[in-house]
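To keep things clear, I will list the structure first and then write my remarks on it.
The values are calculated or read from the model by the stated rules, or taken from the named source; none is laboratory data. The shown structure was predicted, so the numbers you read here are calculated from the model rather than taken from an experiment. Note that we place each Cβ from the backbone using ideal geometry, even for glycine, and neighbour counts take in every protein chain shown. Surface areas here come from the heavy atoms of the whole protein model, side chains and all, with no ligands, DNA or RNA. Shrake-Rupley method; radii C 1.70, N 1.55, O 1.52, S 1.80 Å.
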Amino acid sequence: MSQFTCSSCAKVYPATAPIWQCDCGGLLDFHFKAEFPLDLIKQRQHDMWRYREAIPLLHDRNKISFQEGYTPLLEMQFEGRQLWVKQDQTFPTGSYKDRGASVLISLLRENEITEILEDSSGNAGAAIAAYAAKAGIKSHIYAPHSNSSGKLTQIKAYGAQLHSIQGSREDVAKAAYKAAHHIFYASHVWHPFFFQGTKTFAYEMCEQMGWQAPDVCLLPAGNGSLLIGAYIGFKDLLEAGIISKIPRFIAVQAENCNPLYKAWANGLDDILVESMQPTMAEGIAAATPKRARQILRIIRETHGEIWQVEESEIKRVTLHLMKKGFFVEPTSAVVFAAALRKDVGFFHTHKVGTLFTGNALKVASLIQSWMD
Ligand SMILES: *Cc1c(COP(=O)(O)O)cnc(C)c1O
Ligand SMILES: [Zn+2]
């Protein structure tokens, strides 16, 4: 049975309830039995909606899509490391967040919601703004004033109302949470349907590997919108009997903003609330990720690990990727910086799957400043 359940008090809500949070204030999860009719899937067009029976939308007429997804899986040699890399920087708004936005906004249209808000360091806001524009839904996006101006411009250009907030990413989240008293919160952190979209990353990777999972999945992590989605995706495939194992999840954080890394390194099952430094990996600059417990549980359950990389490494590897023709943002480079660690032996014996999360065109002014 499809339903929402609260991760704090276990209360259950029907799948049709227009909600993003439990009455008790807890985070919701969504339970749904995904099905994979492989013969049908194979005949469909190459986008993320080819897994239609695995996406919990009732009516096709509510689907909001640019025929996005099924991004190329590139087999890449990077400094002697072999990696399978999904090109998710090629999405319509420039990041994998379109996966989540397409499914979440489709659901909100199904729920007849006409006005929404979201807070984001930029890419999630841009994705929500674009899909809301296509759906005819009015959107308000809260973002840090200090963020890359390319992302803020993009949000405004889609017709969203931009609320640019002075302060940290956490201050932005607080302002959005307050406004969510009277406008529906289409949050990529709170609303579990965002993961029902980002999970298609795992479906596509497995299909492109001949319906097999990689051994290791190497992902950047801040709030976990990608990591949690990818885990749900692999789990759906495992439960449907299509793959035989879930990969080991290795999450990578920027050392300047590393609450998950610290919790992991200290054997904790939740983060400590501490102030963090700014990082050029702005896509994962989350000092207090709401779903930290869930992320840490996934890492433990998959026998994974959490790593961190320094700012200087992120910058060097971003430029290095660019020299190879990949114009991807510093947040995308964190996993490649991590892959270069000397003590990592599994590249010879394991298939490692990862992705480019975002296009650097939005942060071109930062890249320009490095070259002046
Ligand atoms: C959102 C995002 C990520 C992953 O961030 P989470 O906070 O874990 O959801 C990674 N790279 C880019 C470019 C992003 O926009
Ligand atoms: Zn609850």
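Using a simple spin-label model with pseudo-atoms 7 Å out from Cα toward Cβ, residue 319 and residue 368 lie 1.8 nm apart.
When a/c is below 1.5 the answer is rounded, else prolate if a/b is larger than b/c, else oblate, so apply that to the range 47-130 with a ≥ b ≥ c taken from the square roots of the Cα gyration tensor eigenvalues.
oblate
Across the chain, C-alpha contacts under 8 Å between residues 6 or more apart give a mean separation that, scaled by the residue count, equals a relative contact order of 16 percent. Based on alpha carbons, the Rg and Dmax found for the range 270-347 are 14.2, 39 Å.
Remark: accessible surface ordering of 351, 156 (largest first) is 156, 351, probe radius 1.4 Å.
The residues of the chain expose on average 40 square angstrom of accessible surface per residue, using a 1.4 Å probe on protein heavy atoms. Peptides 114-122, 218-226, ordered by how many other C-beta atoms sit within 10 Å of their residues on average, highest first, read 218-226, 114-122. The value of relative contact order for the range 53-162, using C-alpha pairs under 8 Å at least six residues apart, is 22 percent. The alpha carbons of the chain give a radius of gyration and a Dmax of 19.0, 57 Å, in that order.
Annotation: average projected area of the range 1-83 is 8.9 square nanometres, based on the convex hull of Cα atoms across all directions.
Reported to the nearest whole Å, the Cα centre-to-centre distance from the range 233-262 to the range 282-329 is 12. Our Cα-only numbers for the range 243-372 put the radius of gyration and Dmax at 15.3, 50 Å. Between residue 349 and residue 161, residue separation times 0.36 nm minus the direct Cα-Cα distance comes to 62.8 nm. For a straight C-alpha distance cut-off of 16 angstrom, the aspartates and glutamates reachable from residue 42 (same-chain residues fewer than eight places away being disregarded) are 53, 204, 207.
Can you send over the carbon and sulfur percentage of the accessible area for the range 46-176, probe radius 1.4 Å, protein chains only? Intermediate results must be reported in sequence, preceding the final value.
Values: 2220 of 4740 Å².
After summing per-atom areas, the C and S share lands at 47 percent.
Computed over the chain, the per-residue total of -39500 (n - 2.57) for DSSP H runs of n ≥ 4 gives a 222 nm mean residue ellipticity of -10500 deg cm²/dmol, rounded to 500. Sorting 363, 12 on solvent-accessible area from highest to lowest, probe radius 1.4 Å, gives 12, 363. Please state the shape class of the range 276-315: rounded when a/c is under 1.5, otherwise prolate if a/b exceeds b/c and oblate if not, all from the C-alpha gyration tensor. Because a/c hits 1.5 or more and a/b fails to exceed b/c, the range 276-315 counts as oblate. Highest mean packing first, where packing is the average number of other Cβ atoms within 10 Å per residue, the peptides 230-242, 32-44, 303-315 line up as 230-242, 303-315, 32-44.
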